[in-house]
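Student: This is the structure I have questions about; it appears just below.
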Amino acid sequence: MAAAGAVHPGRVRLLNPIKTPPPPSPGSPAGPVVYWMFRDQRSRDNWALIHAIHLANHSSAPIAVAFNLFHRFLNAHARQLGFMLRSLILLRLRLHELGIPFFLFRGDAVDTIPKFLCECGASALVTDFSPLRSVREWKAEICERVGERVRVYEVDAHNVVPVWVASNKLEYSAKTIRAKIQRVLPEYLVEFPEISKPDLEWGLEDPKEIDWEELVAEVLREGGEVPEIEWCEPGEDAAMEALMGAKEGFLTRRLKNYSTDRNNPLKPRALSGLSPYLHFGQISAQRCALEARKLKNSHPQAVETFLEELIVRRELADNFCYYQPHYDSFLGAWDWARRTLMDHAADKREHLYTRDELEKAKTADLLWNASQLEMVHHGKMHGFMRMYWAKKILEWTSGPEEALAIALYLNDKYEIDGRDPSGYVGCMWSICGVHDQGWKERAVFGKIRYMNYAGCKRKFDVDGYIAHVKSLVVRSNKRKAENAKSPMPKISRT
Ligand code: FAD
Ligand code: FO1
């Protein structure tokens with residue numbers, strides 16, 4: 001077990017194993033510790049922040065948080081960037097209360113982070129973990145640039161069981177990873193230590209004033225094609241409210257229907273609604289799991305199902321993206337799936353649609369159109385519909401590569417929780433059978449699991465869902481018209 005205030009050693013790894021630098025001499029303590037916050041954008045329950053504070057206190061050094069705002073990261077629009085920035089405004093205040101300065105940089109992290117490290121004479125850089133290839137490339141480049149001067153740590157603050165602890169290889173399915181996660185869960189699913197003000201003040205040059213109003217207005221203007229959502233308030237406090245708020249909390253008010261109603265697109269409130277917060281790291285999955293586990297006796301089935309999705313399914317997605325370099329392409333499918341899809345690539349398609357027709361929900365399938373419109377206007381398609389939605393794209397395009405490219409493009413452009421390992425795996429599961437088994441062979445799908453309209457009709461009120469989305473679109477268009485009249489973005493407390 002880790003000492004109080006420290007992080008479990010299995011959760012931290014040194015990315016640039018350098019010979020231990022000379023201990024700080026009494027006259028000149030170690031240089032500052034910088035936490036480059038990327039995936040886990042929160043002050044509470046954040047193992048990367050806890051590690052950075054521990055490192056700083058341990059080496060009598062000051063600490064700062066650095067955030068790099070990329071330009072339109074992975075094709076993000078106003079919807080995602082507005083949600084993220086509004087949360088960062090609140091985060092900066094919370095860090096300020098902790099005596100930790102928040103530096104916001106713009107541009108490429110491979111330039112801005114090393115530059116900051118050099119300017120402040122940092123001795124250590126703490127990063128949080130993401131399996132995405134661009135992040136890994138940036139970290140490798142940063143390690144190159146800082147050389148032996150700065151120790152670069154990576155902390156898996158996103159998963160309950162760190163990816164490299166759960167498994168050292170690409171797992172085949174939830175079945176194979178579940179036992180590995182459960183074996184070490186008691187060691188990792190533990191309460192967080194309280195964080196308090198670091199021992200030392202920052203004492204160096206303060207961050208430049210951030211004009212949040214201008215920054216938000218800029219991303220809303222630039223990414224206006226996909227406007228913000230209004231139903232999900234950004235930030236750590238709102239995330240905790242969504243999890244366990246007295247009025248609307250998932251665990252406090254909605255858990256009982258989770259295992260029975262979570263696959264009913266007409267009951268979206270049966271879902272936790274946590275994916276936007278989990279994706280941006282505004283809430284810790286470990287916090288969600290710790291709180292859900294307390295309700296195991298009163299809601300055994302719902303808690304078990306929720307923990308399966310939150311821990312096993314989500315961490316299986318990180319495992320896939322970490323160990324499969326082609327996590328977002330047809331090459332990342334297993335051989336059996338590639339073979340069966342190629343065997344049927346030339347099968348006659350009943351319909352063929354272009355990306356534009358699909359994006360505009362212009363197909364002959366009213367149910368599919370409704371799911372596409374729910375994603376475009378609501379920003380979060382119901383989980384059950386996401387499977388049907390992606391599988392139909394396979395059925396109505398020239399082949400699996402095109403289907404995957406279109407599904408990922410639309411998913412990342414419109415979903416508030418897009419650009420996430422769970423999204424890449426969601427599309428790969430639906431179109432290429434990743435983490436699924438083979439099924440009875442049929443045209444176009446081969447042995448990939450098939451879903452159809454009739455199957456949905458048996459499961460839920462399809463007409464009701466179509467009507468539900470229709471009214472959602474009307475409300476969304478009305479709001480857009482109102483916003484067009486008052487262009488100034490609402491800025492929460494700054
Ligand atoms: P809940 O059912 O309340 O789940 C709680 C949490 O468990 C989710 O927030 C998520 O972190 C995790 N989870 C649930 N289901 C899955 C799953 N199947 N795989 C991995 N993790 C899961 N999830 C995203 O976060 N971003 C995406 O872009 C995304 N795209 C998807 C695309 C397709 C084609 C499919 C089939 C699934 C996709 N998913 C994605 C997974 C899942 O649909 C969403 O995580 C879920 O609908 C989010 O809503 P919720 O938090 O209310 O769900
Ligand atoms: N993280 C950052 O550090 N800087 C960004 O500019 C940034 C933009 C961004 C846009 C959309 C989105 O979905 C996530 C974004 N993130 C950003 C967060 C981070 O990239 C995600 O947590 C990872 O994509 C998930 O691994």
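The values are calculated or read from the model by the stated rules, or taken from the named source; none is laboratory data. Small disclaimer: the values here were computed from a predicted structure and weren't measured. In this analysis, Cβ positions are derived from the backbone assuming ideal geometry, glycine residues included, and neighbour counts consider all displayed protein chains. Quick note on the areas: whole protein, heavy atoms, side chains included, nothing else; ligands and nucleic acids left out. Shrake-Rupley method; radii C 1.70, N 1.55, O 1.52, S 1.80 Å.
Student: Counting only protein heavy atoms, what percent of the accessible surface of region 126-283 is carbon or sulfur at a 1.4 Å probe?
Tutor: The nonpolar share, carbon plus sulfur, comes to 49 percent.
Student: Can you give me the distance in nm between label points at GLU248 and ASP463, each placed 7 Å from the Cα along the Cα-to-Cβ direction?
Tutor: Each label point is offset 7 Å from its Cα along the Cβ direction, giving 3.1 nm.
Student: I'd like the antiparallel share, as a percent to the nearest 5, of DSSP beta bridges with both residues in the chain.
Tutor: Close to 20 percent.
Student: Farthest toward the dipole's positive end in region 330-479, which of ILE393, HIS435, HIS468, given Cβ charges of +1 (Lys, Arg) and -1 (Asp, Glu) about the Cα centre?
Tutor: Positive-end residue among those listed: HIS468.
Student: So, one more: Enumerate the amide H contacts of ALA66 below 5 Å, restricted to partners 5 or more residues apart or on another chain; note that Pro and chain-start residues carry no placed amide H.
Tutor: TYR35, TRP36, MET37, PHE103
Student: For region 330-479, what % of the accessible area comes from carbon and sulfur atoms, probe 1.4 Å?
Tutor: 56
Student: Assigning unit charges at the beta carbon (Lys, Arg +1; Asp, Glu -1) and nothing else, what dipole magnitude in debye, to the nearest 20, does region 330-479 show about its Cα centre?
Tutor: Numbers: 24 positive and 20 negative charges, 88 e Å.
With Lys and Arg at +1 and Asp and Glu at -1, about 420 debye.
Student: Only helical DSSP H runs with n ≥ 4 go in: add -39500 (n - 2.57) per run for the chain, normalise by residue count and round the 222 nm mean residue ellipticity to 500 deg cm²/dmol.
Tutor: The helix contribution divided over the chain gives -14000 deg cm²/dmol.
Student: First select every other residue whose beta carbon is under 10 angstrom from the beta carbon of TRP47; then total the charges, Lys and Arg +1, Asp and Glu -1.
Tutor: Here the count lands on -3.
Student: Using +1 on the beta carbon of Lys and Arg, -1 on that of Asp and Glu, and nothing else charged, what's the dipole of region 381-455 about the Cα centre, debye to 20?
Tutor: The dipole of region 381-455 has a size of about 280 debye.
Student: How much length is gained on full extension from SER298 to LYS175, taking 0.36 nm per residue of separation minus their Cα-Cα distance?
Tutor: My answer for the length gained is 41.7 nm.
Student: While we're here: Working with all protein chains in place, sort GLU228, GLU248 by solvent-accessible area computed with a 1.4 Å probe, largest first. The partial results should precede the final answer.
Tutor: Values: GLU228 45, GLU248 100 Å².
In descending accessible area the options line up as GLU248, GLU228.
Student: Out of VAL303, ALA333, LEU278, whose Cα points farthest toward the positive end of the dipole of region 269-367 (charges: +1 Lys, Arg; -1 Asp, Glu; placed on Cβ)?
Tutor: VAL303
Student: Pull out a ≥ b ≥ c, the square roots of the eigenvalues of the alpha-carbon gyration tensor of region 155-264, then state rounded if a/c is under 1.5, prolate if not and a/b is larger than b/c, and oblate in the remaining case.
Tutor: Oblate shape, in that a/c is at least 1.5 and b/c is the bigger or equal ratio.
Student: Right, something else. Nearest 5 percent is fine: what portion of the DSSP beta bridges confined to region 1-151 is antiparallel?
Tutor: 5
Student: Sticking with this one: If we count every other residue with Cβ under 15 angstrom of ALA302's Cβ, Lys/Arg +1 and Asp/Glu -1, where does the sum land?
Tutor: +4
Student: Report the local net charge at CYS118: Lys and Arg +1, Asp and Glu -1, summed over other residues whose C-beta lies under 10 Å from its C-beta.
Tutor: On the way: positive: LYS115, ARG145, ARG149; negative: GLU119.
Here the charged neighbours net out to +2.
Student: Relative to the longest principal axis of the C-alpha atoms of the chain, give the angle of the C-alpha long axis of helix 47-58, reported between 0 and 90° and rounded to the nearest 10°.
Tutor: For helix 47-58, the angle is close to 10 degrees.
Student: Could you do me a favour and compute the accessible area per residue for region 1-323, 1.4 Å probe, result in Å²?
Tutor: 43
Student: Also, quick follow-up: Fully extended, how many nm does the chain gain between LEU290 and LEU366 (0.36 nm per residue separation, minus their Cα-Cα distance)?
Tutor: Details: separation 76, 0.36 × 76 = 27.36 nm, distance 4.07 nm.
Extra length from LEU290 to LEU366 when fully extended: 23.3 nm.
Student: Any chance you could check the Cα centroid distance between region 49-85 and region 278-353 for me, in angstrom?
Tutor: With region 49-85 and region 278-353 each reduced to a Cα centre, they are spaced 26 Å.
Student: Rounded to the nearest 0.05, what FRET efficiency do TRP336 and ARG183 have when you use their Cβ-Cβ distance and R0 = 22 Å?
Tutor: For R0 = 22 Å, the calculated efficiency reads 0.20.
Student: Below 14 Å, Cα to Cα, which aspartates and glutamates can LYS348 reach? Residues fewer than 8 away in the same chain don't count.
Tutor: Within the straight-line cut-off, LYS348 pairs with GLU395.
Student: Now a separate question. Going by alpha carbons, how many degrees (0 to 90, nearest 10) lie between the helix axis of 314-323 and the longest principal axis of the chain?
Tutor: The angle comes out at about 80 degrees.
Student: Tell me the relative contact order for the chain as a rounded percent, counting alpha carbon contacts under 8 Å between residues six or more apart.
Tutor: This gives 18 percent for the chain.
Student: Taking only protein heavy atoms into account and a 1.4 Å probe, give the accessible area per residue of region 330-479 in Å². Mind dumping the intermediate values first?
Tutor: Values: 6140 Å² over 150 residues.
Using a 1.4 Å probe on heavy atoms only, each residue of region 330-479 averages 41 Å².
Student: Something else: How big is region 1-323 by the Kirkwood estimate over distinct Cα pairs, in Å?
Tutor: Roughly 20.7 Å, rounded to one decimal.
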